[in-house]
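One structure is given here, and the rest of the page talks about it.
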Amino acid sequence: MIVESKLRVRRAIRDAGIPHTIICSYWAIGLLFSTLGNSGENGPLSTGVDIFGDEKSRAIFVDEKDMSMLTIRAVEDPRTLDKILHVRPPANMRSFGQLLHLLEKKTGRTFERHYVTEQELAKKIQEAPFPLNFQLAMVHSTLVHGGAGERAVDPAVDVEATQLYPNIQFATVEECLDGLLL
């Protein structure tokens, strides 16, 4: 329902003829890593991690600094006008299981995995206050259903940041995790 609300806003903007660029940056690395798997908790991981979905569905993770830089570029780039700018660095398409494995490798810790079914996640979304319910809805649409990076870019409405700006060196998941673990 939260995702549907976002789509209604997008349609309303287009239907009203308002010049726009929508930036679809998927997951903010800092936001995810700061609460990795601790749905509803802030701060570093304790001993357990919630795993949503099957641990294999992949999502795209983008550093907040890269998002900011692309926003500034998009404002001045006529190729993004009235388009959805997708930010999908291929090296940052990871499953939750891959992220957790990377975190375990870098910290030398092993985390207990708590698997959350889609039904349990749906219930958490309904019961959680804002903004947690929004974050969990995004987890549902990306990490449970996945496929964000596999969707083809439709040139009539979409542009891909890695194609528009091939010289940009996007921060990798590994680099961002290193920065957060310092």
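The values are calculated or read from the model by the stated rules, or taken from the named source; none is laboratory data. All figures in this text were calculated on a predicted structure; none of them were measured in a lab. FYI the Cβ positions are ideal-geometry reconstructions off the backbone, even for glycines, and counts take in every protein chain you see. For the accessible areas, the whole protein counts, side chains as well, though only heavy atoms, and no ligand, DNA or RNA atoms are used. Shrake-Rupley method; radii C 1.70, N 1.55, O 1.52, S 1.80 Å.
Observations on the structure shown:
- Per residue, the chain exposes an accessible area of 56 Å² to a 1.4 Å probe, with every protein chain left in place.
- Formal net charge of residues neighbouring CYS24 (Cβ-Cβ distance under 11 Å; K, R +1; D, E -1): +3
- Highest-MSF residue in the chain out of ILE51, ILE125, ILE13 [GNM, Cα springs under 10 Å]: ILE13
- Percent of alpha-carbon pairs separated by more than 12 Å within the stretch 94-148: 70
- Applying 0.36 nm per residue to the separation of GLN126 and ALA91 and subtracting their alpha-carbon distance, the gain on full extension is 9.3 nm.
- Restriction of the trypsin sites (Lys or Arg not before Pro) in the stretch 90-146 to DSSP coil positions whose beta-carbon has at most 13 other beta-carbons within 10 angstrom yields ARG109.
- Ratio of Rg to Rh over the chain (Cα coordinates, Kirkwood Rh, two decimals): 0.98
- Residue with peak Gaussian network fluctuation, the chain [Cα springs, cutoff 10 Å], from VAL75, VAL87, VAL62: VAL75
- Carbon and sulfur %, accessible surface of the chain computed with the full protein complex present, 1.4 Å: 56
- Gaussian network model of the chain, springs between alpha carbon atoms under 10 Å - residue of GLY53, GLY17, GLY97 with greatest fluctuation: GLY17
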